[in-house]
Each structure stands twice: as structure tokens, then as C-alpha cells.
Amino acid sequence: MKNKISFLIALSFCTICFAKNKSLDEAISNISKDISVKCESREIIAILDFKTASSDMSEYITSSLVSQISENSDLRIVTRQHMDKVEKELRFQSSGLVSDETALMVGERLGAHEIVFGSIEELENKYYLRLKVLNVEKASYTLFKSYEFNRSAKTEQLLGHAAKIYKTSLGAIAEANKNSIAHISPAVGISFDYTFFRRLSFGIKALVSYDAFEKENSVYAIEPLGFVRWYAVSPTGEPAAGLFVEGQVGPEMIMVNEKIHIALSAGLTLGFRITVQSFYFEPTLRGGYPYLVGAGLGAGFRF
């Protein structure tokens with residue numbers, strides 16, 4: 001019972017930690033709130049394209065900002081339909097050369113009070129949305145701020161990062177488990193799994209453990225197991241990576257002094273798969289029956 005409680009606490013802690021990661025949509029929502037607060041009621045604002053690695057991402061940010069600001073404030077927004085008369089100036093923007101001077105020129109031509117523009121930068125495996133809100137009349141910043149957000153499947157798709165998807169994994173396992181109350185047993189094994197969906201994998205594994213600390217008896221255990229694995233959180237947005245929960249079941253053959261006993265083995269595993277191109281590493285913690293608890297490390301290849 002204590003092992004199950006500890007497992008649930010660990011799972012809840014990991015879930016809470018990763019839930020703090022900010023998404024692109026949360027960053028855009030915070031931007032729209034800040035713009036609504038900083039700009040005066042009924043002001044006209046022009047939202048220019050953001051400088052990003054792809055037109056899809058730029059379009060997504062712009063359209064999301066227009067939608068949220070329109071719904072949550074009384075600001076008047078200049079849309080793309082109003083920008084034909086400043087096509088020449090906007091060419092600078094699409095080429096990534098937009099400057100404060102260009103933004104002011106565009107704002108004056110559009111009759112806008114505030115100009116919203118910015119860019120996305122990538123640093124240390126995270127993204128930063130650099131926002132500028134420029135007051136046309138004062139030629140000064142109403143808002144100059146950075147918003148951090150994490151990688152996700154959505155950001156990578158919008159940015160056109162077509163990452164290679166590894167569906168099959170083959171690796172080795174090293175573990176220490178408690179097959180009895182009295183002793184800790186070292187174990188080794190192999191594992192194979194296949195990812196059918198981005199977050200769901202099925203596989204098989206086999207573990208062989210030896211009760212090396214048992215003095216009076218010779219105790220071996222062989223566990224051929226089938227498992228289903230669900231990836232709960234992937235910080236990088238990569239399929240079949242990150243925090244996972246795994247259910248496993250299969251027969252356990254226990255050989256005590258050359259006498260074989262067979263029992264049903266079942267349990268849950270909490271782990272975290274770390275990926276480096278075609279390699280993976282995953283620390284795990286499992287609990288179940290008839291073994292009590294086990295902690296291990298898996299490593300192998302993805303293809």
C-alpha cells in the first residue's frame with residue numbers, strides 16, 4: 001500500500017512540474033491581455049506580421065492576436081484588408097527587415113495609434129516571442145516585452161520543423177528490484193516497443209533477476225512482459241518521448257533451488273524517456289505484484 005501511495009505522489013509531482021510549462025497559446029493570450037491594458041480605450045492598433053521562421057507561424061500569431069483582442073477589448077484593429085496602400089513598406093516586414101522607422105511609417109499611413117510587431121527567437125531549447133508596441137504619435141514604446149514558451153508539436157509544425165519520427169525502439173535494461181521483503185535483486189533485460197500513435201506505444205520486455213544476497217537459497221526470476229505505454233508530457237513536442245506511464249503484465253517464473261513456481265506479474269511503471277537523435281535513455285520506477293518495487297535505467301536505439 002505504501003509503495004502505491006509513493007508512486008501516486010511521484011506521478012502527481014511530475015505532472016504538476018511539467019504543467020507549469022507555458023504554451024504558445026498561453027503566451028499569445030498574455031500578450032493580448034497586456035496590449036489591452038497598455039492601450040487606451042477605442043484606440044486603433046495595427047498588427048503587423050511577426051518575424052518568424054515560417055509564414056504559417058507568423059499568420060497563426062497574427063490571427064490569434066486579432067481574435068483575442070477583438071473578443072476581450074474595445075480596441076479597433078487594422079487588418080490585412082486595410083494594408084494594400086502600404087504594400088511597399090510591408091515588403092520590408094516580410095523580408096525580416098522591419099524596423100521601428102518602418103513601423104511608424106506604416107502606422108501613419110494606416111491611421112493607427114499603436115503598431116504591434118515583433119519576432120520569435122530560439123534560445124536553450126525554448127522560444128521567446130519578442131513583442132513591440134510602438135505609439136505612432138509619441139514614437140515611443142508602449143510595450144516592449146519578451147514572452148517565453150516551450151516547444152510543442154504545434155510550434156514545430158507551424159515553424160516547419162519536420163522532425164524525423166522514430167517509431168521503433170530496441171534497448172537494454174538494468175534494474176534493482178525487491179522480489180522479496182528481505183533482499184534487493186539485481187536484474188538485466190531487453191525491451192522492444194513500437195509507437196502506433198504519438199503518445200501510445202506497445203511492446204514486450206524480458207527481465208532476469210538473481211537474488212544475490214540470499215545465502216540459504218538460490219533464487220532466480222524471469223519476467224516476460226507485455227506492456228502498454230502512454231506518454232503524458234513531452235517537453236520537446238517529440239512523439240514517444242518525455243514523461244510516461246506504463247502498464248505491464250505477464251507470467252513470472254521463479255526458480256528456487258531448481259524448483260519452478262509460476263505467478264502472474266502485473267504492475268505500473270513511471271519513467272522519463274530522454275532522446276538524443278536515434279538514441280534514448282530512460283530512468284524508471286515501477287511497482288506491482290509479486291515484486292514490490294524496482295528502479296532501473298533503460299537505453300537503446302530508435303529507428
Which numbered condition E216 fails, given (1) under 27 Å from D25 (Cα atoms); (2) open to solvent by 80 Å² or more (accessible area, probe 1.4 Å); (3) among the charged types (D, E, K, R): (1)
Residue check for T236: of a type in the set (S, T, N, Q) and in a strand (DSSP E or B): no
Enumerated strands (runs of 3 or more DSSP E) restricted to the stretch 249-303, each holding at least 3 residues that are on the phi < 0 side of the Ramachandran plot, surrounded by fewer than 17 Cβ atoms within 10 Å (Cβ to Cβ) and touching a residue at least 40 places away in the same chain (Cβ under 8 Å): 293-302
Per-region count, the stretch 220-241, residues β-branched (V, I, T), in contact with a Leu (Cβ under 8 Å, 6 or more places away or on another chain) and within 30 Å of T155 (Cα to Cα): 2
Given (1) open to solvent by less than 30 Å² (accessible area, probe 1.4 Å); (2) assigned to a helix (DSSP H, G or I); (3) at pLDDT 90 or above; (4) of a type in the set (A, V, I, L, M, F, W, C), number of the condition V66 does not satisfy: (1)
Unmet criterion (only one of (1) open to solvent by 20 Å² or more (accessible area, probe 1.4 Å); (2) at pLDDT below 90; (3) under 24 Å from the mean Cα position of the chain (by Cα)) for F50: (1)
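The values are calculated or read from the model by the stated rules, or taken from the named source; none is laboratory data. These numbers were taken from a predicted model, which means no experiment stands behind them. Every residue, glycine as well, gets a Cβ built from its backbone with ideal geometry; the counts of neighbours run over all protein chains shown. Side chains are part of the model used for accessible areas, which takes the heavy atoms of the whole protein and leaves out ligands, DNA and RNA. Shrake-Rupley method; radii C 1.70, N 1.55, O 1.52, S 1.80 Å.
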